[in-house]
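Accompanying notes for the structure given below.
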Amino acid sequence: MSYFSTFDLIKDYRIADKKLIGIDITKRVPSLAVLQKDETIYVDYTIKDGETAEILSDRLYDTVNDFWIILVFNNIIDEANDWPLDQNALVDYAIRKYENPYATKHYVSLSTETIVDSDHPSYDRKSVSYMDYETELNDKKRNIKIPLPQVTGTLKQLFRSSTGS
């Protein structure tokens, strides 16, 4: 974590009445948006069930310590909410969130794929459960961009220069 020693500190924030000091990892590199458009420096990737940024970093960069590069490149600030849950965690989440996660949340038109009312003709609608809805939201988080190993040094340098170190 020595890389983050150059980042600003957030002082005096509180969680559960405990006063804490943290690292401001939300600071962004101004040119990151330009880099994210350069298709020669990343690959599109679909996160598999159970994969974490640390697992991907270890597999691709031969170190778990560069996991943050994947997160930052994809504008993921809150890994707990912005990274896809594995299937078991998703089911647990839906069970906690909804009284009956398999009940109908809404209907979708088969022809237009838009949300419709329950009185929409039954031949042109399908039921979408709360679980289906949460699964769809979770699956959208699976598509990310992974910077190629040869550009991680450049990304680290950009962050160092943006933090003034």
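The values are calculated or read from the model by the stated rules, or taken from the named source; none is laboratory data. Everything numeric here is computed off the predicted structure, so don't read it as measured data. Neighbour counts run over all protein chains shown; Cβ positions are idealised from the backbone, glycine included. What goes into the accessible areas is simple: the full protein's heavy atoms, side chains included, and nothing from ligands, DNA or RNA. Shrake-Rupley method; radii C 1.70, N 1.55, O 1.52, S 1.80 Å.
Which of the numbered conditions does HIS106 fail, given that it passes all the others? Conditions: (1) open to solvent by 80 Å² or more (accessible area, probe 1.4 Å); (2) farther than 26 Å from TYR42 by Cα.
(1)
Looking only at region 1-46, filter to residues that are of a type in the set (S, T, N, Q) and modelled with pLDDT of 85 or more; which one of those is most open to solvent (accessible area, probe 1.4 Å)?
Ranking the qualifying residues of region 1-46, first place goes to THR40.
Quick check on region 147-165: of everything there that is among the polar types (S, T, N, Q) and either within 20 Å of the chain's Cα centre (by Cα) or farther than 29 Å from ASP44 by Cα (or both), which residue is most open to solvent (accessible area, probe 1.4 Å)?
The extreme case among them is SER165.
Yes or no, residue by residue, for (1) touching a Leu at 6+ places or on another chain (Cβ under 8 Å); (2) among the charged types (D, E, K, R); (3) exposed (fewer than 14 other Cβ atoms within 10 Å of the Cβ); (4) modelled with pLDDT under 95:
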| site | (1), (2), (3), (4) |
| --- | --- |
| LYS48 | no, yes, yes, no |
| GLU51 | no, yes, no, no |
| SER57 | no, no, no, no |
| TYR61 | no, no, no, no |
| TRP68 | no, no, no, yes |
| ILE76 | no, no, no, yes |
| ALA89 | no, no, yes, no |
| ASP92 | no, yes, yes, no |
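Out of the helices (runs of 4 or more DSSP H) lying entirely within region 36-111, which hold 3 or more residues that are touching a residue at least 60 places away in the same chain (Cβ under 8 Å) and under 14 Å from the mean Cα position of the chain (by Cα)?
Values: elements: 53-61, 67-73, 79-82, 87-97.
Passing ranges, in order: 67-73.
For region 125-146, name all the residues that are open to solvent by less than 20 Å² (accessible area, probe 1.4 Å) and not small (Gly, Ala, Ser).
Residues of region 125-146 open to solvent by less than 20 Å² (accessible area, probe 1.4 Å): 128-129, 131, 134, 138, 144, 146.
Listed by number, the residues that qualify are VAL128, MET131, GLU134, ASN138, ILE144, ILE146.
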